[in-house]
Amino acid sequence: MELRQLQYFLKVCETLHFSKAAEELNITQQPLSFQIHKLEDELGFTLFERTTRSVSITPAGKEFQKNIEKALLYMKQGAENGKKISEGTIGKLRIGYNSLILSTNLIHAINEFKEQYPEVEFELKELNSPSLENEVLDGIIDIGIMGLIWENYKELNYLEIAEEQSCIAIPKNWEFSNDRSIEIEQIKDQSFITYSPKTKRKSYQDFISTCHYLGFDPKVIQTAETDLAVLGLVSSGLGIAFVPYCYKNIYPDSINYKPIKRHKIPIKIELVWNEKYLHRKAQNLIDLLVKYNDKVTNHS
């Protein structure tokens, strides 16, 4: 049984006329009749009742027609969906992110992606490092969006798409809180609040590495599991913290956010993926985020 035979059969069902069906199929009547007879022989039952004046579909032929129409529709839908999947315009895209991303312009780019690819379903998962990298490594999520200061995983692919500067979050009632910028000497003996080494191990290690880079060992008096919790503790006056400058609108009445004099500590916003599991949907998002960042950069 060939697809061509089924198409011939459905055309005869539509026209109930062999000569007219052959004309619409752009073939002669003889090969059309031959293929219908061949199909009937393969099936073991008659599809059409033929007289010199008319053609009618047999009850068995009607049942066959109904099922073939369904099957061809499924085939068409399957081909269309297969094409969409190959182009990355349909399906589920699993994205891991950390909370830093929520304070950047990348959210607008993700919304733009949703508008361009409405049939792609987003599955968003907030993760801390190194859990985010490990899930990308294992193919549990398709792509990660995260902030990096120091080293990354050699087994993964990274692409920098934006950059945020670090700053010092200082309670407003502290003596040097209103200074335009902060000297290292002013903070190296202060009480620091940072991320939990248990739940945000990479962030904690980055904080320690940053302090060593600036030439001092930090006095950590409290750790917290989330960015909001860190800033909440700063807001209460307990200590100071290194944070991305894009957090400047959090607790603005009780925290001042100040750069460090003569030192820039950039936080790279990076896409991370495993080439082994990269598919078209994820590639489309990577391409859009890169274009979006170029657009923002060119207009800034």
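Overview of results
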quantity	calculated
Solvent-free Debye scattering, log10 I(q)/I(0), computed from the Cα coordinates of segment 88-143 at q = 0.17, 0.18, 0.29 Å⁻¹	-0.58, -0.65, -1.16
HN-Hα J in Hz across segment 110-123 - Karplus 6.51, -1.76, 1.60, θ = phi - 60°, x for Gly and Pro	5, 5, 5, 4, 4, 5, 6, 10, x, 8, 8, 8, 8, 10
From phi via Karplus (6.51, -1.76, 1.60), per-residue ³J(HN,Hα) for segment 243-258 in Hz, x at Gly/Pro	9, x, 5, 5, 7, 4, 8, 9, 6, x, 7, 10, 10, 9, 10, 10
Neighbour net charge for Pro31 - beta-carbon separation under 11 angstrom, K R +1, D E -1	+2
Of Lys219/Lys276; Lys125/Lys261; Lys154/Lys264; Lys198/Lys258, those spanning more than 30 Å from alpha-carbon to alpha-carbon	Lys219/Lys276; Lys125/Lys261
Student exercise, segment 94-159 dipole from Lys, Arg, Asp, Glu Cβ charges, in Debye to nearest 20	180
Residue among Val136, Val243, Val55 with the largest mean-square fluctuation in a Gaussian network model of the chain, springs linking Cα atoms under 10 Å	Val55
Table column - 3J(HN,Hα) (Hz), segment 192-197, Karplus curve with 6.51, -1.76, 1.60, x for Gly and Pro	10, 10, 8, 7, 5, x
Accessible area of segment 118-210 divided out per residue, in Å², using a probe of 1.4 angstrom	49
Identified option (computed Rg and Dmax of the Cα atoms in Å; candidates (1) 18.1, 56; (2) 32.4, 106; (3) 22.8, 75)	(2)
Accessible surface of segment 96-203, 1.4 Å probe, proportion on carbon and sulfur as whole %	43
Given charges at Cβ of Lys, Arg, Asp, Glu: segment 193-241 dipole, positive-most of Thr210, Pro197, Leu228	Pro197
Structure-based [θ]222 nm, the chain - -39500 (n - 2.57) summed over DSSP H runs of at least 4, per residue, nearest 500	-13500 deg cm²/dmol
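The values are calculated or read from the model by the stated rules, or taken from the named source; none is laboratory data. All of these numbers come straight from a predicted model, not from anything done at the bench. For neighbour counting, all protein chains shown are included, and Cβ atoms are generated from backbone atoms with ideal geometry for every residue, glycine included. These area figures cover heavy atoms from the full protein model, side chains too; ligands, DNA and RNA do not enter into them. Shrake-Rupley method; radii C 1.70, N 1.55, O 1.52, S 1.80 Å.
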